[in-house]
Amino acid sequence: MEFFEQFAVPNPTPTIYLSMVAIGLTLIAVLAGISYFKKWGYLWREWLTTVDHKRIGIMYLISALLMLFRGGVDALMMRAQTSRAGNELLSSAEYNEIFTTHGVVMIFFMAMAFITALMNFVVPLQIGARDVAYPRLNALSFWLYFMGAMLFNLSFVIGGSPSSGWTSYFPLAGNELSPHIGTNYYMIALQIAGLGTLITGINFIVTIFKMRAPGMKLMKMPLFTWTALITNLLITFAFPVLTVALAMGTMDRLFGTHFFTMDNGGMAMLWANFFWVWGHPEVYILVLPAFGIYSEVISTFSGRNLYGYTSMVVSIVVISTLAFLVWVHHFFTMGQGAFVNSIFSITTMAIAIPTGVKIFNWLFTMWRGKIRLTVPMLYSVGFIPIFTIGGVTGVMLGIASADYQYHNTMFLVAHFHLVIIPGVVFAMLAGMTYWWPKMFGFMLNEKIGKWAFWNIAIGTCLAFFPMFIAGLDGQARRMYTYSEEAGFGIWNLLSFFGGLGLAMGFILIVFNVYYSARYATRDIGDDPWDARTLEWATRTPVPEYNFAVQPVVDSREPYWDAKHEGKTLFKDKISDIHMPNNSGMPFIMCVFFFIFGFGLVFSLWSLVIVSSVGIAVCLFLRSFEQDDGRHIHAEDVQETERKMGGDDR
Amino acid sequence: MKKQWLFSGLLMSFLLFLGGCEPLAVFDPKGPQAALLKDVIMISIWTMLGVVVVVFAMLIYMLVKYRSSKTPADYKPPIIEGNKWVEGLCVGIPVLIIVFLSIVSVQSTYEAESVPEGYKDQEPMVIYASSSNWKWHFSYPEQDIETLNYLYLPKDRPIEFRLYSFDAISSFWIPQLGGQKYAMTGMLTKLNVAASEEGEIWGRNSNFSGEGFAEQTFNVNVVSQQEFDEWVTEVHNTAEPLDEETFNELLEPGHLGQKTFTGTHLSFNPAPEEHTEHQGEEHEDMNEEEMDH
Amino acid sequence: MNIDHSKPLEYSTETNDMNIVGFWVFIGAEIALFATLFGAYFILEGRTGGGPSAGHLFVISTLMIQTFVLLTSSFTIGLAVNAMRLGRKGATIGLFLITLILGLGFVGVEIYEFYEYVHEGLNLQTSAFSAALFTLLGTHGAHVSFGLFWGVAIIIQLVKRGFTPATANKTFIFSLYWHFLDVVWIFIFSFVYLKGMM
């Protein structure tokens, strides 16, 4: 019995038991459903073993939406608990677990997955490539991310969740003050998922550098590809810092080392520094691809080329450089003195300059355009004002002295949500709606989409604007309760209503997917939005080889020019196409990673050893494998193209 | 367009609130440091409001003027690559704003870190504020008093809080007196404030530190120098002395309410030294603190 | 598969070319990783928490052996790639094997060194300094050890399959990896050991 006791959650309540039962039943239902419809083979052949960037992108997308749901439920519970003074819906321990998992799930497993989903699906198409540089590694990235996410979510039902905040500051997260295994989940699940992200970073850098269509010089790349390139560079140089920090945290917790402990020379501030040396670039890792999406969407739906392309590119590069020079602003209050704070205050505020350039360029892109307010465009247009407010409050927080008053308050919470929600979530929803027809061959319903947008936009404002006021009135973040006299009640109640609006928006999005899948027409052509870049030059939905013939490019908007200036994109004849083979190895290897992680969390060394051997065997087998891929014959390509398009290219 | 109205409505209500009836804690300073920070915040709000207005106006203009329903059916948007003057302006004006705010930031940060303006001629009163889950221990070495979860502060006297923690990182914050600063293990940080109005205000730990974090608050009684002296005398007459055993019991995680002792824990459980690598150059009193670095 | 015969075998296909570029990017990430570990070490170096300090521990003899062995192995893997370019399979494999044996020697000495440290009263749990030291050295050592297994796998493939674009590519990439570990060691040598012994 003792062996099993370590797997029990520390603060069980009827809600948690109910959730456990619900999760268990759902799992059984899913497995039974797959068996009943005899879909195991299909699942294995077409999805679990796929190396196709489009399918991997779609799997990322589904995972991201699932995680959005999980993180969103967490958020709603938090807002419900704080909606009135002295509420007793949740205990302190539960609340702490919930805001911790909310942050981790939203940043690592929702936002990261969402941007990776869109990068995976879109970047190869935008540069006219047939796949990413390393399709097999791409699958490995996804499955590492997926297993990391699953391991983290498992903490809810087995062993208990981490509860020291998504920043997991030591010494609070150390063994002495958090004796429970929750934080082990944090350290190890993020390590596994982070490894996947790092591999994605390398993969996409090489893809973008080496696989662009002939004629696509760097300064002819679409903006989304540019932002993807810079984001992946940031990933490559920032994630190793997190890797090291997590490894040290893991060692502190599992092996009793003294990196961040309170005794034997340990230094808790080191964790905070490492965390934010990674953490601030991470913000730009998320937001830059979003900027790329806005650039594409605003340009398409204004019917105009992007204004100030060069200054857009320059500002991305400047932002990415500054991203590494501002981390101290996350703890101006740590007592490093006025001199250090002043320097980081200036670098922080300086980021507003390139960001401002981007905002103005988007506005000038709409100037003299012909603006169609479709759902993706609505998100982009809604993004500008809300993000501006989030952004200017960021400048206000960047003033070190004033930060002494904002730090750790709801003001800060309002700021970063008003940056991340319009800056990342709106962009992802815009991008998802925009590229949806390319992914699935039908469009999402515009009317439901608009309803969803308004719910989300108004919900965001309602949920987060009151927090500015609560913060200035002295409400610290992460407080599970407050007294009646504190006077925060009304602001928190408004926030809760805003949260409900966001939830409604999410429900509408899910409903939209169902509704459109069922009723939307499949006859939408290859270019339903009248777009400008290469991904629209191929068929809808995209065949596995992407382009029957490799496009040749000589401008920034090759497809627009092909449509309107009669330029030829596809000059060659159709010939045999070389494609990579599917492989089960990434999936199997990541199952071992999952076991490995689980073993580490509970210090079950036998599991750790067995799974390590499994991983090593996979690596060896991969090294010896000879797999030169396969060819799709020209006739088959022609056949597919004829079926899909009619006209032959 | 209703969205724009919504935004401006929200913004207006926000501003009304700032000037409105019941002032928010941060905008209701009771001392020079908090007043300084309030001014800085107001400067930044007004500056940033300018930016917001410009962006909103441009956005509304573009949306009204260039909606496809407002443009002729055969209208073909032109190709415009950009204009170096316009783009130069988009860089130049933000640079000016940032330069202005940087000056404000640097000046006010130095000021916020030092003894408040107008109090520089007085020797600051030193109070050690140390946190343990989830309490604040206040040691008055001059007065030889230790309190738990409440403070008595003399009005119009500069006060230097020396902060550290026995466990999790905490943040010492009395919003109406000044900004916050972390209290950490193994490192002493300093916070300079002064109170210019008598009255009872609150302070708290604002940095999440575990289960009891929400209730880790304390009362601050700002009184006249005379009343303060009376309080000191009274404590010495009535309170129990603090010994090591009692203190170790106090350190156990939990909430204990307010307590008063004579003597301080510093005699048997001394505060950590200032951590020199992490300090800026401006600490002139470093030498006396520095021991074996 | 298009093989471009004007280039060296390891660069001769598009895949090969991409693999090498990708590996350089990976080395970029590795630099960030080791830079962080060095950063942690420098910050925690003086925080010995009552345990032994750097100056007390480091011994010149093992350090010299390690440095000599690893630098030589970097030289021999360079020779191996050179031999590969000349198409001399036997020499390539031989030099590759020597590289791995030297690498094994390095790991052996490092293990002995760690054993000595523990004997001196410095183990992983002693202090922040010891944790940072063991983590930095251990990460480098783990990279070398991983290289040993990887190298063996490549040698087997070279023996079985000879020089193909794939095996040549792997050999070349392995040499990049090995040189990189050598460079990291030079940094460890200078900024951990020499600095510590000063």
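With respect to chain A, whose longest principal axis is taken over its alpha-carbon atoms, helix A:352-366 is tilted by about 40°. By DSSP, the beta bridges lying fully in the protein assembly as shown are antiparallel in about 70 percent of cases.
Counting each pair of different Cα atoms once, what's the Kirkwood radius of chain C in Å, rounded to one decimal?
Kirkwood hydrodynamic radius for chain C: 18.0 Å.
Rg and Dmax of the stretch B:17-173, based on Cα coordinates, read 25.5, 86 Å. Most simply put, the stretch B:125-277 has about 65% antiparallel DSSP beta bridges, counting only bridges with both residues inside it. Debye-formula intensities of chain A, expressed as log10 I(q)/I(0) at q = 0.06, 0.07, 0.09 Å⁻¹, are -0.32, -0.45, -0.76 (one equal scatterer per alpha-carbon, no solvent). Summarising the label geometry, the points placed 7 Å from Cα in the beta-carbon direction at C:Thr164 and B:Glu22 lie 7.8 nm from one another. Remark: spin-label model distance C:Ile20-C:His5 equals 1.9 nm, labels positioned 7 Å along the Cα→Cβ axis.
Compute the distance from the alpha-carbon center of the stretch A:270-335 to that of the stretch A:129-174, in whole Å. Each part's Cα centre sits 23 Å from the other's. In terms of its C-alpha gyration tensor, the stretch B:125-277 comes out rounded, because the ratio a/c of the largest to the smallest axis stays below 1.5. Multiplying the residue separation of B:Asn221 and B:Ala239 by 0.36 nm and removing their Cα-Cα distance gives an extension gain of 4.7 nm. Ranked by the mean number of other Cβ atoms within 10 Å per residue, highest first, peptides A:6-18, A:524-536, B:185-197 order as B:185-197, A:524-536, A:6-18. Here, the stretch A:274-390 yields an orientationally averaged convex hull projection of 7.5 nm² when only Cα atoms define the hull. Charged neighbours of A:Tyr434, selected by a Cβ distance under 14 Å, balance to -2 (K, R count +1; D, E count -1). Can you give the calculated 222 nm mean residue ellipticity of chain A, where each DSSP H run of n ≥ 4 adds -39,500 (n - 2.57) and the sum is split over every residue, rounded to the nearest 500 deg cm²/dmol? Per the formula, -22000 deg cm²/dmol. Percent of C-alpha pairs per 5 Å bin in the stretch A:164-258, short distances first: 3, 12, 20, 16, 11, 10, 8, 7, 6, 4, 2, 0.
Residue-normalised convex hull volume from the C-alpha trace of the protein assembly as shown: 179 Å³ per residue. What is the distance in Å between the Cα centres of the stretch B:238-262 and the stretch B:118-137? Answer, in whole Å: 18. Here the spin labels are modelled as points 7 Å beyond Cα on the Cα-Cβ line, and at B:Ile103 and B:Arg157 they lie 3.9 nm apart.
Kirkwood radius for the stretch A:457-598, taken over all pairs of different Cα atoms as the inverse mean of 1/r, rounds to 21.4 Å. Cβ-Cβ distance of C:Leu148 and A:Asp554, R₀ of 60 Å, FRET efficiency by 1/(1 + (r/R0)^6): the value works out to about 0.75. Between A:Leu66 and A:Glu88, residue separation times 0.36 nm minus the direct Cα-Cα distance comes to 5.1 nm.
Which value in deg cm²/dmol, rounded to the nearest 500, describes the helix-derived mean residue ellipticity at 222 nm for chain B, given -39,500 (n - 2.57) per DSSP H run of n ≥ 4 and division by the residue count? Calculated mean residue ellipticity at 222 nm is -12500 deg cm²/dmol. Across q = 0.14 Å⁻¹, chain B modelled as identical point scatterers on its alpha-carbon atoms has Debye log10 I(q)/I(0) values of -1.08, in the order of the q list.
Ordering B:Ile93, B:Ile127, A:Ile56 by the number of other Cβ atoms within 10 Å of each residue's own Cβ, fewest first, gives B:Ile93, B:Ile127, A:Ile56. Between the Cα long axis of helix A:135-154 and the first principal axis of chain A there is an angle of about 30°, rounded to the nearest 10. The Cα trace of the stretch C:86-153 gives Rg and Dmax of 15.9, 52 Å, the first to one decimal, the second as a whole number.
Find, to one decimal place in angstroms, the Kirkwood hydrodynamic radius of the stretch A:228-302, where the mean of 1/r is taken over every pair of different Cα atoms and then inverted. That comes to 14.2 Å for the stretch A:228-302.
Between B:Glu81, B:Glu215, B:Glu198, where does the largest GNM mean-square fluctuation fall for chain B, given springs only between Cα atoms within less than 10 Å? Judging by the Gaussian network model, the answer is B:Glu81.
With Cβ to Cβ distances under 9 Å as the rule, what net charge do the other residues near A:Tyr307 carry (K, R +1; D, E -1)? Here the count lands on -1. For an R0 of 45 angstrom, estimate the FRET efficiency from the Cβ-Cβ distance between A:Leu493 and A:Lys447 and round to the nearest 0.05. That gives a FRET efficiency of 0.90.
Restricted to Cα atoms, the stretch B:108-178 shows a radius of gyration and a Dmax of 12.9, 37 angstrom. In this calculation the C-beta distance from A:Phe511 to A:Ala22 is compared with R0 = 25 Å, giving a FRET efficiency of 0.75.
Other residues within the sphere of radius under 10 Å centred on the Cβ of B:Ala129, judged by their own Cβ, net out at +2 (K and R +1, D and E -1). Over all directions, the projected convex hull of the C-alpha atoms in the stretch A:432-471 averages 3.4 nm² in area. Counting neighbouring Cβ atoms within 10 Å and putting the fewest first, the residues A:Tyr404, A:Tyr309 line up as A:Tyr309, A:Tyr404.
Relative to the longest principal axis of the Cα atoms of chain A, the long axis of helix A:585-601 makes an angle of roughly 0 degrees.
Among A:Leu607, C:Leu95, the order by Cβ neighbours within 10 angstrom, fewest to most, reads A:Leu607, C:Leu95. For the stretch C:33-111, list log₁₀ I(q)/I(0) at each q in 0.13, 0.16, 0.22 Å⁻¹, using the Debye formula over Cα point scatterers of equal strength and ignoring solvent, two decimals each. For the stretch C:33-111 at q = 0.13, 0.16, 0.22 Å⁻¹, log10 I(q)/I(0) is -0.60, -0.76, -0.99.
None of the figures in this text is laboratory data; all of them are computed from the coordinates on show. No experiment lies behind these values; they were computed from the predicted model shown. Here Cβ is always computed from backbone atoms with ideal geometry, including for glycine, and neighbour counts include all displayed protein chains.
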